[in-house]
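K.L.:
Dropping a structure here in structure tokens format, bear with me for questions.
Laboratory data are not the source of any read-out in this text; all were calculated from the coordinates shown. Just so it is clear, the structure is predicted and the values come from calculations on it, not from any experiment. Positions of Cβ are generated from backbone atoms using ideal geometry, with glycine treated the same way; all protein chains shown enter the neighbour counts.
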Amino acid sequence: MTISNVTSASLGTLIAEFGAEYFGRGINQKSPLLKSGNLKTTDPDGEEYVVTLYPSANHATGFLLDFGRLPVGGSGSPLKARALPSVLMSRLEQGRAAAKLKLADRQRTKMLDAEMKERAADCGRILNRALIGGSISPQAAATWSGTAANSTVTVPFLDVSLFREGMAANFIDDSLALSYTVRVTAVAFAAIGANSANVAGNVSFINDIPDPSTGSVVALGAVAIATADSFLIRGSVAGFGGASTLTGAVTNSFDTMTGSNPAASFMGQDPATMGVGYNWRGNYLSLGAAYSQEAALGFLSHIGTVSDDVPDVAVCHPQTAAAHRASGDFHGAAFGVTAGLSAGHVAQINRTVDKYGNVYEDDGLRMGGAKVVQDPSCQVGRIIFYCSEYTKLCVWAEIGPDMEGGDPQLLGRTFYTTEVQFSGLYNLVTMLRSSTGILDGITGF
């Protein structure tokens, strides 16, 4: 094996040639929603994505008799809903002296391969969770060890699916209306056996991420963490002691489109000021009860009534999907029929004796006719419904290495480093917001 100083040019060629492929594979591996193909993509041709909205009904439509007077023509005023790209990026940095060390070609390539795979998976996971949306609030109060840099805290959550050790997260101090950027140091799941053991647990954080504008860690405003506080994906808010209002840097999500505030402004249009008939609202229901197929079908029927289009995709956590499967032997209360278990239906188990099969592939599972996508990034007890023809992922640029002068490797402008920057441009868009909905608050997990 030859020992040589692998040139910057040769590494740059490897990154440029294989970087986009690595990230494309990483997104598919870490995003069950995108891998399923049920969230279609659309190309805005390099410009902002624009949807022209008209009122959904018009007074000029109706029946008449022969020789009857024609109705007065009606024309709704068109409105424009717009979406601009959100930038997903990652930065791979190495000390410049370390980059100049003489290492074996194979060793240098293996290091690059491992690092690229890790970053690709990280970006895929973050993009997937950003599309699902939703902030996480503590299950109980907690207290930071102090307010200065390197202060630590351990916080209990009923759902820790957002967090991975090493990742950065935005922390919102609700009482101060301020936000910070902190790092996850440990994720400890609850003891196996409890209903929520697969998703609940404790997460430890440290306040040690420097503010990029100053290079220093910003002190926290207070030590108390309350159940009204929240944690989100980095970039959701200003962080580093800034305001707690959403910045718009993170891509649109199903949560912002049709979450607990389904009539909020979306894609630049506010239903409160649009006028009559544009139907620019999502649908949301907090069930507050155990899952039943009757409840899901009732909610789907409501979406169909509102939008005239019934969703064809349902996204949920595998545990929620398991409740859907188990509900085959349970009849919910509907139209005066009393809820209860039934022995009349026996589920067939295939020859593998695997009751649930491969939950991350299309195994034919349906919910009110909608194809079920099982995604562990979706909060347990929540089901997202949407029409794949109307709601899509807009892609301006797939994530991959950025080039400067034809080379993906850059010299650090602040520190003695070399670096590679990876970025992609995405946003979640819809042409018919009323065809989306979230059934939330399903209990028993």
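K.L.:
Quick one: if the Förster radius is 41 Å, what FRET efficiency do D211 and Q139 give, using the C-beta to C-beta distance and rounding to 0.05? If you can, show how the numbers build up before the last one.
P.N.:
Numbers: r = 29 Å, r/R0 = 0.71.
The computed FRET efficiency comes out at 0.90.
K.L.:
Which entries in the list K40/K80; K30/K110; K35/K110; K30/K117; K40/K117 go over 18 Å, if you measure between the two C-alpha atoms of each?
P.N.:
Where the Cα-Cα span goes over 18 Å, the pairs concerned are K40/K80; K30/K110; K35/K110; K40/K117.
K.L.:
Further question: Starting with the highest mean, order 402-408, 58-64 by the number of other Cβ atoms within 10 Å, averaged over the residues of each peptide.
P.N.:
402-408, 58-64
K.L.:
If you take the charge dipole of segment 142-243 about its Cα centre, with +1 on Lys and Arg Cβ and -1 on Asp and Glu Cβ, which of T214, T154, F189 is farthest toward its positive end?
P.N.:
Positive-most Cα among the choices belongs to F189.
K.L.:
Still on this model: Please list, in order, the residues from segment 201-231 whose amide nitrogen is less than 12 Å from a point placed 7 Å along the Cα→Cβ vector of N150.
P.N.:
Flagged as within label range: 207-208.
K.L.:
Could you line up L285, L411 from fewest to most neighbouring Cβ atoms inside 10 Å?
P.N.:
Lowest to highest Cβ neighbour count: L411, L285.
K.L.:
Can I ask one more? If I model a spin label at M403 and A224 as a point 7 Å from the Cα along the Cα→Cβ vector, what separation in nanometres do I get?
P.N.:
If labels sit at M403 and A224, their model points lie 5.6 nm apart.
K.L.:
Per 10 Å bin from zero, what fraction in whole % of the C-alpha pairs of segment 106-176 is there, up to the bin with the longest pair?
P.N.:
Histogram of Cα-Cα distances, whole percents per bin: 14, 37, 28, 16, 5, 0.
K.L.:
Hey, what D do you get for segment 142-243 in µm²/s if you plug the Kirkwood alpha-carbon radius into Stokes-Einstein at 4 °C and 1.567 mPa s?
P.N.:
On the way: Rh = 13.8 Å.
Diffusion coefficient, whole number: 94 µm²/s.
K.L.:
Multiply the residue gap between A168 and Q421 by 0.36 nm, knock off their C-alpha separation, and tell me the result in nm, one decimal place.
P.N.:
Residue separation times 0.36 nm, minus the Cα-Cα distance, leaves 89.3 nm.
K.L.:
Quick check on packing: order 38-45, 151-158 by the mean number of other C-beta atoms within 10 Å, highest mean leading. Please report the intermediate quantities before stating the final value.
P.N.:
On the way: 38-45: 13.9, 151-158: 19.0.
Result, highest mean first: 151-158, 38-45.
K.L.:
Could you tell me the distance between the Cα centroids of segment 390-421 and segment 135-195, to the nearest Å?
P.N.:
Between the Cα centre of segment 390-421 and that of segment 135-195, the gap is 30 Å.
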